[in-house]
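Structure, as structure tokens:
The values are calculated or read from the model by the stated rules, or taken from the named source; none is laboratory data. None of the values given here were measured: they were computed from a predicted structure. Glycine also receives a Cβ, built like all others from the backbone with ideal geometry; neighbour counts cover every protein chain displayed. Just the protein is used for accessible areas: all its heavy atoms, side chains included, with ligands, DNA and RNA removed. Shrake-Rupley method; radii C 1.70, N 1.55, O 1.52, S 1.80 Å.
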Amino acid sequence: MSFEKVLIIEDDSVVRSLLNEIFLRRKCSVATAKRLVEAEALIAKESFDLVLLDIRLPDGDGEKFLEQLAMLPEHPLVIVMTGYGTIESAVACMRAGAFDYVMKPFSPSQIDVILRKAQSYHQLLQVNRHLSDAGDDADVALIGRSPPMGRLRQLIERVAPTDATVFISGESGTGKEMMARELYRRSPRRQQPFIKVNCAAISENLIESEFFGHERGAFTGATERREGRFELANHGTLLLDEVSEIPPNLQAKLLRVLQEREFERVGGNRTIKVNVRILATSNRDLLRNVEQGKFRQDLYYRLNVFPVNVPSLRERADDILLLAEHFLQRYTRKHGIKLTGFAESARQAMMNYRWPGNVRELQNTIERAVILSPQGRSVSSAALGLPASPAYQAELDWSGSLTVAPGLPDDGAGAPAAGEEPADLPLAAPSSAIFSIAELEKNAIHAALQQTAGNRTQAATLLGISIRTLRNKLQEYRDANDPVFSALEAEKAG
């Protein structure tokens, strides 16, 4: 990330000319001022990335102006220059907000060294505005002894040290973002930025600006120039989370960046080159999206250089108790609750449950159970609050009507109170019927929506999934003209 707009405040014409030449060679936009009054007029009109400030000027003290610069909302980095330097004046300037201090006369190589430091610092400041902390989830990525996790671990170890683009697929809640962070931590770029952009969470009219940045005045509300995520990730790693949600009109521009590693900001004409490793995730079948014309085929092949599929928790059932113990230790520590472990009934309940929300659902279930469990006791099956059937105690009969089994709370309150052991709940699905995972999932969603009177937020909470995942599932059912969900939507509309 280079400085684009530079202000040189220097009364010595020779020094001013030398600095001007240095920055023009770097293709920067340069403004110069001989006096403070000229500099103040320039600062009032536009913003600068870098200011080189002579501490002694004909019409005032540079130290005072330095304090003025530090008060700006988007204040630039300042390098102070003087031919009358003392340790005291250097310390005073640094305290007032200067980035560095250089004595005159100086050589171009001295300026180059200071600029390299300043550019690294400037990028760090910009990256910190966007970095999201991985938090405690960072240590969960590769937990597991099951064969699917063993194969996944081998793939990660092979591809992490390379610069290959990796496409990470898997159901919601399996830990795709955690896997991306694990790739980053094991890569040669681990000392460089890791920038994430959630393609599903940004509105269509803003996503281009988020990717590529924008110039001042590019659109209403663009009061300052802003770097995009590609620029912030320069020399590092960019994660395109839920890449299948990128609108079609932006897919061609993204393809160009992946091919050429260059772009222009929104409202700008300067081509910016970047060196970025791309990781992408999706919980959708991207190839199916290609076949349906929702995703560009050439972009798909650009992203799918090295595909990695994160297995669902159903496919790695041997890891359920191992993960549960890990989460139990984490949340007892976090909430200051001492527990003795899991009761045998709780272990059986976890192993019998299908976990449609995968690791995320297990994590949330354990945290809730820790809070509900009495101090010094084991976590009971009641505290887990898991339904006795994968269909959440609901049977969807062939006529499309919903039958709620006895014992299911009508208010959807969730887990029982701490220490309370409810009676075993009957299995709602008929013993003679065997449903596919997709059918069980659909039944559970329908049951949750019925139980919450169509409130999607409450239904998502009851199911242990995100509202976005629920919306995506409902869209799939609408696209398939599912009669049950069509009837449900009609009933809600009426």
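Taking 0.36 nm per intervening residue step and subtracting the Cα-Cα distance, what contour gain separates S345 from R216 on full extension?
Gain in length upon complete extension: 40.3 nm.
Among bridges DSSP assigns within the range 178-268, what percent are antiparallel (round to 5)?
Percentage antiparallel, nearest 5: 25.
Could you give each residue of the range 210-223 its phi-based ³J(HN,Hα) in whole Hz, using Karplus coefficients 6.51, -1.76, 1.60 with θ = phi - 60°, and x for Gly or Pro?
5, 5, 10, x, 8, 8, 4, x, 5, 7, 4, x, 7, 7
Run through the range 2-94 and list the chymotrypsin sites (Phe, Trp or Tyr not before Pro) located in a DSSP loop whose Cβ has at most 15 other Cβ atoms within 10 Å.
Taking the range 2-94 and a limit of 15 other Cβ atoms within 10 Å, the loop chymotrypsin sites (Phe, Trp or Tyr not before Pro) found are Y84.
Can you compute the modelled spin-label distance between D163 and Q292, with each label point 7 Å from Cα toward Cβ, in nm?
With each label point 7 Å from Cα toward Cβ, the separation is 3.6 nm.
Across the range 41-50, in residue order, what do the Karplus-derived ³J(HN,Hα) couplings come to in whole Hz, using 6.51 cos²θ - 1.76 cosθ + 1.60 with θ = phi - 60° and x for Gly and Pro?
Ordered by residue, 3J(HN,Hα) equals 5, 5, 5, 5, 8, 8, 9, 10, 7, 9 Hz.
Work out from phi, with θ = phi - 60° and the Karplus expression 6.51 cos²θ - 1.76 cosθ + 1.60, the ³J(HN,Hα) of each residue of the range 106-122, listed in order in whole Hz, and give x for Gly and Pro.
10, 9, x, 5, 5, 5, 4, 5, 5, 5, 4, 5, 5, 5, 4, 5, 4
What is the extension gain from D285 to H335, computed as 0.36 nm multiplied by their sequence separation minus the C-alpha to C-alpha distance, in nm to one decimal?
14.2 nm
Using modelled amide H (1.01 Å from N, peptide plane; none on Pro or chain starts), what sits under 5 Å from the amide H of V308, excluding residues fewer than 5 places away?
Correct list: F167, I168, S169.
How far is it, in nm, from the label point at I202 to the one at N249 when both lie 7 Å from their Cα along the line to the Cβ?
Placing both labels 7 Å beyond Cα along the Cβ direction yields 1.5 nm.
Rank by packing, highest mean first: peptides 440-451, 179-190, with packing defined as the count of other Cβ atoms within 10 Å averaged across residues.
440-451, 179-190
Can you tell me how the range 72-122 classifies by the Cα gyration tensor, rounded, prolate or oblate, using a/c under 1.5 as the rounded cut?
Verdict is oblate for the range 72-122.
For the pair Y84 and L42, how long in nm is the line joining their label points, each one 7 Å along Cα→Cβ?
Modelled inter-label distance: 2.2 nm.
Could you please state how large a percent of the accessible area of the range 232-363 is carbon and sulfur, counting protein chains only and using a 1.4 Å probe?
Carbon and sulfur together cover 44 percent of it.
Rounded, prolate or oblate: which fits the range 170-294 when a ≥ b ≥ c are the square roots of the eigenvalues of the alpha-carbon gyration tensor, with rounded for a/c under 1.5 and prolate only if a/b beats b/c?
It is oblate, given that a/c is not under 1.5 and a/b is not larger than b/c.
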